[in-house]
Each structure stands twice: as C-alpha cells, then as structure tokens.
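Take a look at the structure set out below.
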Amino acid sequence: MQRFQVSVPAQPSKCEIVIGRGILSAAGREIRRRLGPRAQRLALISNKKVFKLYGAPVVESLEAGRFQVSHWLMGDGERYKSLKTAETALQFFSEHGIERTDAVVSLGGGVTGDLAGFAASIYLRGVAFVQIPTTLVAQIDASIGGKVGVNLSSGKNRAGAFHQPGIVIADLETLNSLPARELTAGWCECIKQGATAGRKLFQQTTAYLSNTTGKQVAITSQLENLIAAHAAFKASIVSSDMREDPERNDPRSRRILNFGHTVGHALEELTDYRRFRHGEAVGWGMLVAGELSKNLGLLDQSELESLQAGIRLCGQLPAARDIGTDAILSAVRRDKKSARGQVQWVLLERIGKPRIVSGEEIDVTSLKTSIRDALKQRN
C-alpha cells in the first residue's frame with residue numbers, strides 16, 4: 001500500500017491518496033481515521049454496474065467503520081453528469097439527513113466522482129467528500145485535484161467547483177472488471193500525463209504497455225508503482241497550482257494537464273457524449289495537438305512519432321474521421337478554458353516539455369491541416 005498527500009494552499013488539511021491491492025475492505029477504517037469521530041452519516045453515490053460489483057463490500061466496510069450509510073445510484077455515462085442529476089443527489093442528501101459534519105462518498109469512475117463531488121461542494125455550502133475510484137482514468141487523474149462539475153448544453157464541465165476530497169482510496173483490484181475500451185481510455189490519460197510530465201514517466205508507461213495485451217491488466221507491483229507514479233505527478237501539479245491560475249504559462253501550471261483536451265472535449269460534445277469515452281477523445285486530441293506542434297515548428301518529427309506510437313499502444317480508438325473539421329473548430333472556440341477570448345492550446349516542444357500557446361498565435365490553415373491529418377490516421 002502506498003500513501004502520499006496533496007497539499008492544499010490556504011487550507012490546514014491535505015488530501016491523502018492511498019493506493020494498493022485489495023484495500024476496499026479497509027475503506028471504512030481509512031475514512032474514519034481521516035474524517036474523525038464527528039462524522040456519522042455517509043451518502044454513497046455510485047451506478048448500478050459498479051455497485052453490483054463492489055457495493056456490498058464497501059458498504060460493509062463503511063458500516064464497520066461505525067458509519068450510517070445510505071446509497072443512491074445515478075445513471076451510467078457522461079450524459080448523466082448534469083444539473084438535473086445533481087439536483088436529485090442534493091435531494092437525496094437532504095432526505096437522508098446528511099449534515100455538515102457528514103460526508104459524500106463516490107464509488108465509481110470520473111463521471112460519478114465529478115457529479116458526487118459537485119453535489120458535495122454545494123450541499124450545505126460544502127460537506128466532506130471521499131473518492132473511491134474504480135477506473136484507470138479516475139485512479140490516476142480524475143479523482144485527484146478537487147475539480148468537480150457537471151455539463152451544460154453549452155459544453156462539458158461548464159458548471160463546477162474546486163472541492164478537494166479528504167481521501168482517495170484506489171484499489172487496483174477494481175481494474176480487473178474494466179472492459180477493454182475503459183482501459184484504453186485510461187491508458188490514453190497515462191500517455192497524456194507522461195507526455196507532459198517528463199520522458200521518465202512516458203517511458204515507464206510505454207514500457208508497461210508494450211508488455212500487456214491492452215485488454216486486461218496484471219495486478220502486480222509494477223502496475224502499482226506505475227499508478228502511484230502517475231498519481232504522484234498529478235498531485236504535485238495540483239499542489240503547486242490548485243485552482244489552475246489562468247496567468248500561469250510555466251511547465252508546472254495545472255493547465256498543462258489539458259494536453260489533448262481541447263479537441264477531445266470538442267469530439268465528445270459533437271457526438272453527444274455517446275461515441276467516445278473521455279480518454280479515447282483525449283487520445284485523438286493528443287494526436288491533433290502533436291500534429292499542430294510539428295506544423296508550428298515546435299516538435300520534431302521523431303518526437304511526434306514517439307507520441308503516436310505511445311497512443312497506439314493504448315488500444316483502438318473509435319473512428320473520428322467522419323467529424324467535420326469546421327464543426328470541430330466551432331466547438332473548440334467554445335472551449336471553457338479560453339482566456340481573453342482566445343483558446344489556450346497545450347502543445348509540445350518535446351516529450352516531457354509542454355508549452356501553452358494562445359490561439360492568436362496559430363493560423364487557421366495550420367490548425368485545419370493538423371486536425372485533418374490527425375483524424376484520418378488509423379489508430
């Protein structure tokens with residue numbers, strides 16, 4: 001079992017991250033230790049699929065930790081990450097007597113964590129929040145950092161907050177239940193973090209993927225070390241820039257974690273969040289960002305080929321070449337991370353050296369060419 005913390009500026013408490021194998025049975029004890037004796041009730045949010053697999057042992061563990069547990073199951077999928085669903089969650093908290101000293105627990109992937117955390121952040125002006133991530137994407141990225149939110153008709157994560165979990169409990173055994181596409185999505189996020197973190201993490205990730213089928217994972221110490229390395233990287237970025245300062249453009253800015261997300265979010269929006277899992281869309285987004293980096297003279301061809309090879313190791317991505325370039329550009333312009341009316345692109349100078357580039361520095365021809373060339377690739 002590995003432990004480390006996310007420092008939260010201007011707050012006395014820290015988010016603790018616990019990673020290990022077979023640790024769901026320890027959830028109640030870990031949460032009680034973290035929340036202290038005053039917390040009495042826990043509102044557990046999950047979905048039917050995850051709760052069927054892990055709900056019983058988690059509830060048993062929480063009750064053994066002397067908590068009164070109520071659970072509510074939301075719909076499975078990005079389209080359920082909405083204000084309407086959040087309102088239902090808030091009503092559930094109220095009906096089950098959740099108080100300021102109690103907590104909300106998310107059991108599931110990134111969608112569940114985002115929705116549960118957002119509801120926790122606004123209920124009674126904020127109650128404690130716990131993450132038990134069960135997907136690869138959530139364990140290395142989505143559960144860490146305190147970004148929570150829901151989608152609006154105008155775009156993904158348009159309504160949200162920064163609400164740090166008190167503790168993240170990542171049991172690697174849950175990865176055994178993931179379908180191949182969910183693993184592909186998670187590995188794409190790992191490549192994203194490796195490409196922005198440094199060559200060491202990128203090579204550690206590709207070395208692991210080179211020795212796996214991509215359809216299943218072996219729960220080994222090698223995997224535990226890899227997941228811990230990714231989580232530690234995310235934690236280090238969050239600790240230095242928790243609220244994603246829009247004025248920061250340095251390589252330790254939290255904004256570098258948006259590599260691949262500009263086009264990725266556009267693809268999700270244009271397909272009504274039904275064709276792509278988030279990490280799959282980010283995979284295509286990285287391919288576009290890589291092409292754009294090369295076309296702008298920032299990235300050598302050999303480095304682009306390393307990035308492309310890493311993404312291929314993640315698995316097959318859903319087709320994207322039928323989505324029009326102009327439609328993608330239109331969706332990109334609505335990106336919530338724009339600053340002073342300009343989209344802020346995260347590009348690469350080399351593997352491990354991200355660079356934030358304002359949209360005003362990018363000509364439309366290069367952008368269109370990059371999108372077309374990337375999306376016509378056979379992943």
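The values are calculated or read from the model by the stated rules, or taken from the named source; none is laboratory data. Not measured: the values here are computed from a predicted model. As a convention, Cβ positions derive from the backbone with ideal geometry for all residues, glycine included, and neighbour counts pool all protein chains shown.
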- How do the pairs read when you match residues in segment 209-227 that are in a helix (DSSP H, G or I) and of a type in the set (V, I, T) with residues anywhere that are surrounded by 12 or more Cβ atoms within 10 Å (Cβ to Cβ) and at pLDDT 90 or above, using Cβ under 9 Å and keeping only pairs 6 or more apart or on different chains? I227/I19; I227/L136; I227/Q139; I227/I140; I227/A170; I227/L172; I227/L175; I227/C190
- Note on the structure: Counting only residues in segment 123-163 that are free of Cβ contacts under 8 Å to residues at least 60 places away in the same chain and among the β-branched types (V, I, T), the one surrounded by the most Cβ atoms within 10 Å (Cβ to Cβ) is identified as T135
- Note on the structure: Taking segment 181-208 and keeping only residues that are touching a Leu at 6+ places or on another chain (Cβ under 6 Å), surrounded by fewer than 21 Cβ atoms within 10 Å (Cβ to Cβ) and closer than 13 Å to G283 by Cβ, one is left with none
- For R252, the lone unmet condition from (1) in the same structural domain as G310 (by TED's automatic domain parsing); (2) modelled with pLDDT under 90; (3) under 23 Å from H163 (Cβ atoms); (4) surrounded by 18 or more Cβ atoms within 10 Å (Cβ to Cβ) is (4)
- Given the conditions (1) touching a helix residue (DSSP H, G or I) at 6+ places or on another chain (Cβ under 6 Å); (2) among the polar types (S, T, N, Q); (3) more than 28 Å from R79 (Cα to Cα); (4) loosely packed, with under 15 Cβ neighbours inside 10 Å, report the number of the one that T325 does not fulfil. (3)
- Answer with yes or no whether A309 is assigned to a helix (DSSP H, G or I), touching a strand residue (DSSP E or B) at 6+ places or on another chain (Cβ under 9 Å) and in contact (Cβ under 8 Å) with a residue 60 or more places away in the chain. no
- Task: Sort out for me the helices (runs of 4 or more DSSP H) sitting completely within segment 1-112 that have 1 or more residues that are crowded, with 16+ Cβ neighbours inside 10 Å, over 21 Å from the mean Cα position of the chain (by Cα) and basic (K, R).
- Result: 27-35
- Query: P179 passes all but one of (1) modelled with pLDDT under 95; (2) in contact with a strand residue (DSSP E or B) (Cβ under 7 Å, 6 or more places away or on another chain); which number fails?
  - Reply: (2)
